[in-house]
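Q: One structure, pasted below without further comment.
The numbers here are math on the coordinates, done by the rules we state, and not lab data. Just so we're clear, the structure is a prediction, and the values are computed from it rather than from any experiment. Neighbour counts are summed over all protein chains in view; Cβ atoms, including those assigned to glycine, are modelled from backbone coordinates with ideal geometry.
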Amino acid sequence: MNAGEAAQMVRAFGGLPDCDVIITKGGDGAEWHSCDAEPLIIPAFPVTPVDTTGAGDCFAGTIAAALDAGMERGQALRRAAAAAALQVTRPGAASAMPSRAEVDQFLANAP
């Protein structure tokens, strides 16, 4: 969920689930609260956004695919953040989604 959705859940229910919650925070990165590990926090990649429509879907799809491929959660979270960073630099939603090769190249050149 994104930070706005997390805030709405807190207001409506008094809090968030205790674990296995991923919260995206746009330019502030993302965090994963797990039942059996310390929270994992990743900063956003610095990019100049053009259109943020679809960024959450890009992030969610990428992290799901990365975990399904067997990546550990830190690597999957970083990959999802990279894909979303690329996606927001382009106009549109579905048409702006980066390919696997584009994400690989972005990560290869990222700090």
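Q: With only alpha-carbon atoms in the gyration tensor, what are the semi-axes of the equivalent ellipsoid for the chain, in Å, largest first?
A: Equivalent ellipsoid of the chain: 23, 17, 12 Å, largest first.
Q: Something else: Between the range 15-41 and the range 48-82, what's the alpha-carbon centroid distance in Å?
A: The distance from the Cα centre of the range 15-41 to that of the range 48-82 comes to 14 Å.
Q: Calculate the dipole size of the chain relative to its Cα centre from +1 charges on Lys and Arg beta carbons and -1 charges on Asp and Glu beta carbons; express the result in debye to the nearest 20.
A: Dipole of the chain, to the nearest 20 debye: 280 debye.
Q: On a 0 to 90° scale, report how tilted helix 55-68 is relative to the longest principal axis of the chain, with both axes built from alpha carbons and the result rounded to the nearest 10.
A: Here the helix axis deviates by roughly 90 degrees.
Q: Only helical DSSP H runs with n ≥ 4 go in: add -39500 (n - 2.57) per run for the chain, normalise by residue count and round the 222 nm mean residue ellipticity to 500 deg cm²/dmol.
A: Estimated from H runs of four or more residues: -14000 deg cm²/dmol.
Q: Relative contact order for the chain: what is it in percent, counting Cα pairs under 8 Å that are at least 6 residues apart?
A: Reported as a whole number, the value is 21 percent.
Q: Can you find, among 66, 15, 29, the residue farthest towards the positive end of the dipole of the chain? Put +1 on the C-beta of Lys and Arg, -1 on that of Asp and Glu.
A: Selected residue: 29.
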